[in-house]
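> Dropping a structure here in structure tokens format, bear with me for questions.
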Amino acid sequence: MKCVTAVLVVCSQLVLCVGECGAERHAEAEVLLDFETPGLSKTWNAKGQIKAARAPIPSPNGGKLVNGPTGAGLELSTGGGALIHTKAGALNVPWEEIEVISFWVYRGQDEAVRRGSSTIELQLHEKDGGSRYWRKAVCDQRGGWKKFEVPLRWMAWGGNAVPDWKRINRLAFWFRDPAEVVIDHVTVRRGGEGSARLTPRVIAEAAFGADAEVNITKNNRLALVSDVEGLSAEGFLDHAQAVADDVLKTFPWLSPPPLPTPFVLFAKEEAYRTFPGRFAARQLRVAPRVESDGYTFQGIATTWIDQRREPLRPVFTQEFVHAMLARTVRIPNSGEWLHEGIGNYFQLKHYPQGDFADTVLRGVRDPNRRLTLPTLCSGNKIPTRYYWQAVTVVELLMQDETYRPRLPEVVDWFRENGATNLDTPLKQILKTDWGAFEKRWLDHCHRAYGDNEA
């Protein structure tokens, strides 16, 4: 790799203090990885086509980089789609206490001009490798050294299940594109217990801005974040407590979330619909505008106050359950049958819908009004017109004397495999096939919803 004049760029959208910027003093950075000691294979593994070696770092023009790379670095060459990661247990880091992780990347000028921008992801993996936090770092066409600073609370979720900072034990660099780079001087900065978490206060700032008047009201089940003027929060808190208690009673094998579930309640509909996009931008991602009346992402429930209706609407129940489930069973909400079935089940329980039985009976009597069960339970997003069917499948799993004891194992399978496709657990755990399962489901619907014609 050719040595050229160094260019220093701070590449985080959330600007942090580098050098003499007159900002608030932070805890001193601790070096995590500096590659000064031989023996990469003792600490690192690779997946995909990637070459790694210790090598003297390319020197910047004029000598050293202040508080930056020195000595040797990690020289990497890849055609893209490759990963290099520390071995499990190689790093002993209390990730919940870390505020920022920083690293330096060098690209030669010829490499930068020839290939253009190149995207690297910093990833932090759980023990089993199935779940992770990640954030991209884009190396542009300016060659030389660049410093990337990653605030842990603004890393995105990835992998099979909802990640958990307490389970993280590997650091990785994922290369989306072909690249020839040197990485060095990986440091962390502590910020105290819980620094890596998105607190209600941080969520409020992302939702409404730093200067907005925001109310944050909490009990042990709910953290209500809202800019609605004069909002009476007690009804929301009491309702969330009742719903959470109901969920835990229905699924006694679940552990309560360790912290209150955040719910952002907007005064303005437009602010609600654009919030996921603003939130994603802080993670250097993009997210579409929300079209539904309620939306849950990354364990955060959201909706807005519709002045035409009562403040506490049925959608509050459903989105609260989605967010709570993401934080208990650690399965993110993607609009598939399990989340929508459970969310709508508890919404209907607390806000009964008078024509729901008729909807169910029309669906079971006419195959054209329903999905086949393998299609419904494939783990893909389902249209809202089939939510009734998801509810009744969930009811069957919760109430059938054969299936109910095996439901915790089914949910564990979903979490470990990163999908709610029921096909494999139906056969391996529930010990049945789709024909027998459909017969039990139809019998349940006829019996539970009073079908006198059956």
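> Please compute the contact order of segment 272-409 in relative form: average sequence separation of alpha-carbon pairs under 8 Å and at least six residues apart, divided by the residue count, as a percent.
Reported relative contact order: 19 percent.
> Quote the relative contact order of the chain in percent (integer), defining contacts as alpha-carbon pairs under 8 Å separated by 6+ residues.
Reported relative contact order: 13 percent.
> If the cut-off is 23 Å between C-alpha atoms, which lysines fall inside it for K268, apart from same-chain ones fewer than 8 positions away?
K218
> Could you sort 440-447, 73-80 so that the peptide with the highest average Cβ count within 10 Å comes first and the rest follow in order?
Packing order, densest peptide first, comes out as 73-80, 440-447.
> Okay, next question. Along the Cα→Cβ direction, 7 angstrom out, place labels at I216 and K166. What is the inter-label distance in nm?
2.1
> How much length, in nm to one decimal, is gained on full extension between R385 and S292, taken as 0.36 nm per residue of separation minus their Cα-Cα distance?
Length gained, R385 through S292: 32.1 nm.
> Could you tell me the distance between the Cα centroids of segment 393-432 and segment 231-296, to the nearest Å?
26
> Oh, and also: Rank-order 40-46, 156-162 by packing density, defined as the average count of other C-beta atoms within 10 Å over each peptide's residues, highest first.
Per-residue mean Cβ counts within 10 Å order the peptides as 156-162, 40-46.
> A further question on this structure: Rounded, prolate or oblate: which fits the chain, taking a ≥ b ≥ c as square roots of the Cα gyration tensor eigenvalues, rounded meaning a/c under 1.5, else prolate when a/b beats b/c?
prolate
> Okay, next question. Jot down the radius of gyration and Dmax of segment 334-443, Cα atoms only, both in angstrom.
When restricted to Cα atoms, segment 334-443 yields Rg and Dmax of 13.3, 38 Å.
> So, one more: Which value, in Å², gives the accessible area per residue of segment 266-415 when a 1.4 Å probe is used on the protein heavy atoms?
Normalised by residue count, the accessible surface of segment 266-415 is 43 Å².
> Against the longest alpha carbon principal axis of the chain, how many degrees, from 0 to 90 and to the nearest 10, is the axis of helix 387-399 turned?
On a 0 to 90 degree scale, this one is about 80.
> Can I ask one more? Counting only helical runs of four or more DSSP H residues, what would the 222 nm mean residue ellipticity of the chain come to if each run contributes -39,500 (n - 2.57) and the total is spread over all its residues?
Computed mean residue ellipticity for the chain: -9000 deg cm²/dmol.
> For labels at T432 and R308 in the simple 7 Å Cα→Cβ model, what's the distance in nm?
The answer from the label model is 4.1 nm.
> Here's a follow-up. Mind scanning K47/K87; K51/K136; K42/K87 and naming the pairs with a C-alpha gap bigger than 18 Å?
K51/K136
> What full-extension length gain, to one decimal in nm, is calculated for V31 and T424 as 0.36 nm per residue of separation minus the Cα-Cα distance?
137.0 nm
> Let me check against my output: what whole-number percent is the relative contact order of segment 207-272, with C-alpha pairs under 8 Å and at least 6 apart?
Taking the mean separation of contacting Cα pairs over the length of segment 207-272, I get 39 percent.
> Go through segment 352-362 residue by residue and turn each phi into a ³J(HN,Hα) via Karplus (6.51, -1.76, 1.60, θ = phi - 60°); whole Hz please, and just put x for glycine and proline.
Per residue, the Karplus-derived 3J(HN,Hα) values read x, 10, x, 9, 5, 4, 4, 4, 4, 5, 4 Hz.
> In the chain, what percentage of the DSSP-assigned beta bridges are antiparallel, given to the nearest 5?
85
> Also: Among 143-153, 210-220, 390-400, how do they line up from the highest to the lowest mean number of other beta-carbon atoms within 10 Å?
143-153, 390-400, 210-220
> Calculate, for E193 and Q399, the FRET efficiency according to 1/(1 + (r/R0)^6) with r their C-beta to C-beta distance and R0 45 Å; round to the nearest 0.05.
That gives a FRET efficiency of 0.60.
The values are calculated or read from the model by the stated rules, or taken from the named source; none is laboratory data. Treat the numbers as computed from the prediction; the structure is a model and nothing was measured. Using ideal geometry, Cβ is built from the backbone for each residue, glycine included, and neighbour counts are taken over all protein chains shown. Surface areas here come from the heavy atoms of the whole protein model, side chains and all, with no ligands, DNA or RNA. Shrake-Rupley method; radii C 1.70, N 1.55, O 1.52, S 1.80 Å.
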